[in-house]
Amino acid sequence: MDCCAHEGPDGGDARFDVKKVADGVWVAVAAPAYKVNCNTAIIENDDGVMVVDTHSKPSAARVIVERLRQMTSKPVRYVVNTHFHWDHWHGNEVYPAAYPNAEIVTNQITREAMVKKGLKRIQDHVRTVPAEVAKLRAEAAAATTAQREKLTADLRLAEAYLAEVKALKPALPTIAFEQTMKLYRRDREIHLLHLGRAHTEGDVFVYLPKEKVVITGDAMIGWTPYMGDGYPEDWAGTLDRLAQLDFTHIIMGHGEVAGRDWLRTFRGYVSDMVEAVRREVATGATLDEVKQRVTAALAPTYEKPFSLYGEYRPWRAGLAANIERTFGMVS
């Protein structure tokens, strides 16, 4: 199957380009959206399908199910969640509804994070999104004609998201592993790995040794990483363990399929940012001083490669948040 755009019938923000990565392996690359959707990896085996990550809402997951039914008559047997963030598992409920024997898989750390943090954050969204809707409505009413179209579109998407998050029936993983889980099929091995802390405490990597493909969740993405629940000081070491695997293609949590060059760049950014913050903290610099100096130091190397998504995910804003997180951990 070649690359093809696909979106839901309601013309919402669940838009994906489905691209072949290897024999029986595809990625549905999520387009930038008001309520961000993650990428989904699709692995077709002799007896069924594995799906990796399920987006920020059930409607987005249904877009993928519709596409799967066009691709194959085989059932989804496994759904893997790479971590506990909302945009990677809020579509879980769609799969057991569409495929009654589907099992949802992650590691024990991530399942516990879903229970302890993820379920609470669903209720946080229910409480906070109405204010977001009201703000957008007021901004649209006061906007110029040129601004009003986008604000009205965002308002419609926020209202639709609120309706979905209120109706969520969170589907938690039914299988949890510790460090490693391996699935052996007729022509394929699938390794589920916990390599250490990075984007979260429990990041799951999916590795296909024969196809030389690795699926990283948000431990690697196509723009500046979010570190709000992350472990900046551990992250580079986790990526070093990833680099020891034999692969050529990286399906990331967000952004286009990448190769090992992007792993080097991404790892370099994380490592250089942490070391720069440490150096500045050792001098007694304030947080504002650290932000200014580290941004100036890293910009010549990293601003351009991390600015592919421009205003959607601006590098300097992401870096400032990363510095703040790291400053609080190393101070």
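Couple of notes before you dig in:
- In this entry, residue 174 passes the filter for residues that are open to solvent by 10 Å² or more (accessible area, probe 1.4 Å) and of a type in the set (Val, Ile, Thr).
- Residue check for residue 266: out of contact with any Ser or Thr (no Cβ under 9 Å at 6 or more places or on another chain) and in a loop (DSSP other than H, G, I, E, B): no
- Scanning region 12-50 for residues that are touching a helix residue (DSSP H, G or I) at 6+ places or on another chain (Cβ under 9 Å) and small (Gly, Ala, Ser) yields a total of 5.
- Residue list for region 272-329, filter: small (Gly, Ala, Ser) and not in a helix (DSSP H, G or I): 284, 285
- Considering 234, 229, the condition of being open to solvent by 10 Å² or more (accessible area, probe 1.4 Å), among the acidic types (Asp, Glu), modelled with pLDDT of 95 or more and out of contact with any Phe, Trp or Tyr (no Cβ under 9 Å at 6 or more places or on another chain) is satisfied by 234 alone.
- Whichever residue in region 180-200 is of a type outside the set (Ser, Thr, Tyr), in a loop (DSSP other than H, G, I, E, B) and open to solvent by less than 20 Å² (accessible area, probe 1.4 Å) and, among such residues, is farthest from residue 244 (Cα to Cα): 199
- All of 29, 21, 63, 36 fail the test of being touching a residue at least 12 places away in the same chain (Cβ under 8 Å), in a loop (DSSP other than H, G, I, E, B) and β-branched (Val, Ile, Thr), apart from 36.
- From the list 295, 326, the lone residue that is touching a residue at least 60 places away in the same chain (Cβ under 8 Å) and within 19 Å of residue 227 (Cβ to Cβ) is 326.
- The sole residue among 261, 240 that is open to solvent by 10 Å² or more (accessible area, probe 1.4 Å) and either part of a loop (DSSP other than H, G, I, E, B) or in contact (Cβ under 8 Å) with a residue 24 or more places away in the chain (or both) is 240.
- Top-ranked residue of region 127-160 - restricted to ones that are in contact with a Gly (Cβ under 9 Å, 6 or more places away or on another chain) and under 18 Å from residue 91 (Cβ atoms), ranked as most open to solvent (accessible area, probe 1.4 Å): 160
- Of everything listed in (1) in contact with a Ser or Thr (Cβ under 6 Å, 6 or more places away or on another chain); (2) open to solvent by less than 30 Å² (accessible area, probe 1.4 Å), the single unmet condition for residue 212 is (2).
- In summary, helices (runs of 4 or more DSSP H) completely within region 78-164 and bearing 2 or more residues that are in contact with a helix residue (DSSP H, G or I) (Cβ under 8 Å, 6 or more places away or on another chain) occur at 94-98, 119-142.
The values are calculated or read from the model by the stated rules, or taken from the named source; none is laboratory data. The shown structure was predicted, so the numbers you read here are calculated from the model rather than taken from an experiment. Heads up, the Cβs are rebuilt from the backbone with ideal geometry, glycines too, and the neighbour counts pull from every protein chain shown. Please note that ligands, DNA and RNA were not included when accessible areas were found on the heavy atoms of the full protein model with its side chains. Shrake-Rupley method; radii C 1.70, N 1.55, O 1.52, S 1.80 Å.
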